[in-house]
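The values are calculated or read from the model by the stated rules, or taken from the named source; none is laboratory data. In this text, all values refer to a predicted model and were calculated from it rather than measured experimentally. Heads up, the Cβs are rebuilt from the backbone with ideal geometry, glycines too, and the neighbour counts pull from every protein chain shown. Surface areas here come from the heavy atoms of the whole protein model, side chains and all, with no ligands, DNA or RNA. Shrake-Rupley method; radii C 1.70, N 1.55, O 1.52, S 1.80 Å.
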Amino acid sequence: MRIPRVRFTVRGLMALVALVCLALGFALYLREKSATLSVGYAVRADRHWHRMYDLRMYDLSMALYPGAGSGTASAARIAHHKAMEAKYRRAARYPWLPVVPDPPEPK
């Protein structure tokens, strides 16, 4: 059995190059978009970590100086920021997965 001969024409090769360029361009676009999302999610995770840290330090200062004030950060608010930090750390690592909307912060 004979192998059929493939004819390479200039038109065919130009079409092949155009398709390869489109595929590579789309791949680079997706890579850039996921990198941008990843950085944004990492920034959000850092904000939640700092807010959680601030609330813990506030609780500690109130415990050390009881006469300084009566307010304390609730454990629910600290847990909320801890959960949000974990959520956004995961989103930064896997930016192609969907991220659910944030629940409201507890009072």
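For the condition surrounded by 10 or more Cβ atoms within 10 Å (Cβ to Cβ) and touching a residue at least 12 places away in the same chain (Cβ under 8 Å), what is the one hit in LEU60, LEU55?
Numbers: LEU60 fails: touching a residue at least 12 places away in the same chain (Cβ under 8 Å).
Checking each option against the conditions leaves just LEU55.
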Taking ALA45 and the conditions (1) assigned to a helix (DSSP H, G or I); (2) out of contact with any Lys or Arg (no Cβ under 7 Å at 6 or more places or on another chain), which numbered condition does it fall short on, given that it satisfies the others?
(2)
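Looking at ASP46, is it open to solvent by 70 Å² or more (accessible area, probe 1.4 Å), of a type in the set (D, E, K, R) and modelled with pLDDT of 85 or more? Write out each step before concluding.
Details: open to solvent by 70 Å² or more (accessible area, probe 1.4 Å): no; of a type in the set (D, E, K, R): yes; modelled with pLDDT of 85 or more: yes.
No: the conditions fail for ASP46.
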Would you call ALA91 touching a Phe, Trp or Tyr at 6+ places or on another chain (Cβ under 7 Å), open to solvent by less than 80 Å² (accessible area, probe 1.4 Å) and either assigned to a loop (DSSP other than H, G, I, E, B) or modelled with pLDDT of 90 or more (or both)?
yes
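Only one of ALA27, ALA35, ALA18 is assigned to a helix (DSSP H, G or I) and under 20 Å from VAL99 (Cα atoms). Can you tell me which?
Details: ALA27 fails: under 20 Å from VAL99 (Cα atoms); ALA18 fails: under 20 Å from VAL99 (Cα atoms).
Residue meeting the stated conditions: ALA35.
Whether any residue in segment 27-42 is among the aliphatic types (A, V, I, L, M), over 18 Å from LYS107 (Cβ atoms) and surrounded by 13 or more Cβ atoms within 10 Å (Cβ to Cβ) is what I want to check. Reasoning before the result, please.
Looking only at segment 27-42, we keep the residues that are among the aliphatic types (A, V, I, L, M), and these are 27-28, 30, 35, 37, 39, 42.
Narrowing the set further to residues that are over 18 Å from LYS107 (Cβ atoms) leaves 27-28, 30, 35, 37, 39, 42.
Subsequent filtering for residues that are surrounded by 13 or more Cβ atoms within 10 Å (Cβ to Cβ) retains 37, 42.
So far as segment 27-42 goes, yes, one or more of its residues are among the aliphatic types (A, V, I, L, M), over 18 Å from LYS107 (Cβ atoms) and surrounded by 13 or more Cβ atoms within 10 Å (Cβ to Cβ).
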